[in-house]
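Colleague: Quick one: the structure is below, and I'll ask about it shortly.
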Amino acid sequence: MRINKFLAHAGVASRRKAEELILSGKVSVNNVIMTNLAYQVEAGDRVEVNGIAVYNEEPVYYMLNKPRGYISSSSDDKGRQTVMDLLPKGKERIYPVGRLDWDTSGLLLLTNDGEFTNLMTHPRHGVEKVYIAKVEGQANKENLRPLTLGMTIDGKKISPARYEIMRQDKVKNSSLVSLTIHEGQNHQVKKMFAAVGLPVQKLSRVQYGPLNLEGLAPGRYRRLSKKEVSQLMNAVKQ
Ligand code: URA
């Protein structure tokens, strides 16, 4: 939507007055002053007038228990199933907060609030995410130790992770390990386990900050309460 229309829809000013605000440098998009009247506002953009965020829609927040076999984006050029297929076709333009791989299941947040997304996904803020991984091989203190020391993945240093060995299957030569991390780099958990010689066979995210999937069956979603949204915000390290 064109920026002046966006501001008018949000009730800031008439379209003409909105244009004046834009030309006078009072409007920013994603923290950059925007004076281009032709700019098209996109889902996830943070638009501010005089430093105050403008929402065209009520911010909404959802939690989805993503099944395997869905990609975490709002559309797919290859026509694959996306998480949006599992959500209500409402008036809000919601989108996933970060990503889970196609073959990863578990807790995925979705929102129309760009600032919330930035806070949750920025590694600096360190919201903890807990994954349960079925890995090939026998996980033990020795081979998992590097995970707790802070590894470098794709040239980026990641913070030390915590783990718990939940099960070991000597016959099938696999282990179940829970891993708590702070960042959300592409394929991070798979890469971390691969780096210690334990390839991931199955992966699920079971916790995001203070929230878990209790009571939410695979493929189902629910709105987050105001309290849960503030709990997530509080989980962000300043
Ligand atoms: N780490 C991964 O490897 N995959 C995911 O989907 C999420 C975290």
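Colleague: Residue 26: which aspartates and glutamates have alpha carbons under 20 Å from its alpha carbon, excluding same-chain residues fewer than 8 sequence positions away?
Modeller: Here the aspartates and glutamates satisfying the reach criterion relative to residue 26 are 42, 45, 48, 115.
Colleague: Cut-off under 15 Å on the C-alpha distance; same-chain residues fewer than 8 positions from residue 66 excluded. Which aspartates and glutamates are left, in chain and number order?
Modeller: Answer for residue 66, where 15 Å is the Cα cut-off: 85, 101, 103, 214, listed by chain and number.
Colleague: Multiply the residue gap between residue 40 and residue 201 by 0.36 nm, knock off their C-alpha separation, and tell me the result in nm, one decimal place. Walk me through the intermediate numbers first.
Modeller: Details: separation 161, 0.36 × 161 = 57.96 nm, distance 4.19 nm.
Going from the current span to full extension adds 53.8 nm.
Colleague: Report, to two decimal places, the Cα Rg of the chain normalised by 2.2 N^0.38 Å (N = number of residues). Each step should come with its number before you reach the end.
Modeller: Values: Rg = 20.6 Å, N = 238, 2.2 N^0.38 = 17.6 Å.
For the chain, the normalised Cα radius of gyration comes out at 1.17.
Colleague: Give the cross-link partners of residue 156 among the lysines, using a straight C-alpha distance below 16 Å as the criterion and excluding same-chain residues fewer than 8 apart.
Modeller: 190, 191
Colleague: At a 10 angstrom cut-off on C-beta neighbours, averaged per residue, how do the peptides 1-8, 150-157 rank from highest to lowest?
Modeller: Working: 1-8: 19.9, 150-157: 11.4.
For the peptides 1-8, 150-157, the packing ranking is 1-8, 150-157.
Colleague: Each residue of the range 202-208 in turn: what ³J(HN,Hα) in whole Hz from Karplus with 6.51, -1.76, 1.60 and θ = phi - 60°, glycine and Pro shown as x?
Modeller: After applying 6.51 cos²θ - 1.76 cosθ + 1.60, I find 8, 9, 9, 9, 10, 8, 10 Hz.
Colleague: Right, another one. At most 15 other Cβ atoms within 10 Å plus a DSSP loop assignment makes a site exposed; report the longest stretch of the chain without any exposed GluC sites (Glu not before Pro).
Modeller: On the way: sites that count: 42, 57, 128, 214.
Of all site-free stretches, the longest is 129-213.
Colleague: Carbon and sulfur together cover what percent of the accessible area of the chain at a 1.4 Å probe radius? Before the final figure, lay out the partial values.
Modeller: Numbers: 6330 of 12790 Å².
Its accessible area is 49 percent carbon and sulfur atoms.
Colleague: Quickly estimate the mean residue ellipticity at 222 nm for the chain, helices only: each DSSP H run with n ≥ 4 gives -39500 (n - 2.57), and the total goes over all residues, rounded to 500. Don't jump to the answer; show the numbers that get you there.
Modeller: On the way: 6 runs with 46 residues, N = 238.
That calculation yields -5000 deg cm²/dmol at 222 nm.
Colleague: What does the charge dipole of the chain about its Cα centre add up to, to the nearest 20 debye, if the Cβ of each Lys and Arg holds +1 and the Cβ of each Asp and Glu holds -1?
Modeller: Working: 36 positive and 24 negative charges, 75 e Å.
Magnitude of the dipole: close to 360 debye.
Colleague: Given R₀ = 25 Å, what would the calculated FRET efficiency be for residue 222 paired with residue 118, taking r from the Cβ atoms and rounding to 0.05? The partial results should precede the final answer.
Modeller: On the way: r = 23 Å, r/R0 = 0.92.
The calculated FRET efficiency here is 0.60.
Colleague: Another question, if that's okay. Given labels modelled 7 Å from the Cα in the Cβ direction, how far is it in nm from residue 233 to residue 140?
Modeller: Label-label distance for residue 233 and residue 140, simple model: 4.8 nm.
Colleague: Rounded to the nearest 0.05, what FRET efficiency do residue 80 and residue 30 have when you use their Cβ-Cβ distance and R0 = 35 Å? List each step's numbers first, then the result.
Modeller: Values: r = 28 Å, r/R0 = 0.81.
So, using R0 = 35 Å, E works out to roughly 0.80.
Colleague: With point charges of +1 on the Cβ of Lys and Arg and -1 on the Cβ of Asp and Glu, referenced to the Cα centre of the chain, which listed residue (18, 55, 37) lies farthest in the positive direction of the dipole?
Modeller: Value computed over the given set: 55.
Colleague: If only Cα atoms are counted, what is the Rg of the range 130-171, and what is its Dmax, in Å?
Modeller: 11.7, 36
Colleague: If you stretched the chain out fully between residue 212 and residue 23, how much longer would it get, using 0.36 nm times the residue separation minus the C-alpha to C-alpha distance? Intermediate results must be reported in sequence, preceding the final value.
Modeller: Details: separation 189, 0.36 × 189 = 68.04 nm, distance 4.55 nm.
So the extension gain works out to 63.5 nm.
Colleague: Report Rg(Cα)/(2.2 N^0.38 Å) for the range 116-231, keeping two decimals. Before the final figure, lay out each step's value.
Modeller: Values: Rg = 15.1 Å, N = 116, 2.2 N^0.38 = 13.4 Å.
It is 1.13.
Colleague: Also, quick follow-up: Stokes-Einstein D for the range 170-223 at 25 °C, 0.890 mPa s, Kirkwood Rh over Cα pairs, in µm²/s? Write out the running numbers ahead of the final one.
Modeller: Details: Rh = 13.4 Å.
Calculated translational D: 183 µm²/s.
Colleague: How big is D, in µm² s⁻¹, for the range 4-107 by Stokes-Einstein at 37 °C and 0.692 mPa s if Rh is the Kirkwood radius over C-alpha pairs? Before the final figure, lay out the partial values.
Modeller: On the way: Rh = 15.6 Å.
In µm²/s, the coefficient is 210.
Colleague: Okay, moving on. On the first, second and third principal axes, largest extent first, how far apart are the outermost C-alpha atoms of the range 63-128 in Å?
Modeller: 34, 28, 21
Colleague: Still on this structure, I have one more. Using the heavy atoms of the protein chains and a 1.4 angstrom probe, tell me the accessible area per residue for the chain in square angstrom.
Modeller: With all protein chains present, the chain gives 54 Å² per residue.
Colleague: In terms of modelled amide H atoms, which long-range or inter-chain residues lie less than 5 Å from the amide H of residue 166?
Modeller: Placed amide hydrogens put 176, 177, 178 under 5 Å from residue 166.
Colleague: While we're on this one: What percentages make up the Cα-Cα pair-distance distribution of the range 45-182 when the bins are 5 Å wide from 0?
Modeller: Spelled out bin by bin, the range 45-182 gives 2, 8, 14, 16, 17, 15, 11, 8, 4, 2, 1, 0, 0 percent.
Colleague: How big is the range 40-89 along each principal axis, measuring the range of its Cα positions in Å and listing the largest first?
Modeller: Here the Cα extents, ordered largest to smallest, are 43, 23, 16 Å.
The values are calculated or read from the model by the stated rules, or taken from the named source; none is laboratory data. As the structure is a prediction and not an experimental result, all values here were calculated from the model. All Cβ positions, even for glycine, are placed from backbone atoms using ideal geometry, and neighbour counts span all protein chains on display. For the accessible areas, the whole protein counts, side chains as well, though only heavy atoms, and no ligand, DNA or RNA atoms are used. Shrake-Rupley method; radii C 1.70, N 1.55, O 1.52, S 1.80 Å.
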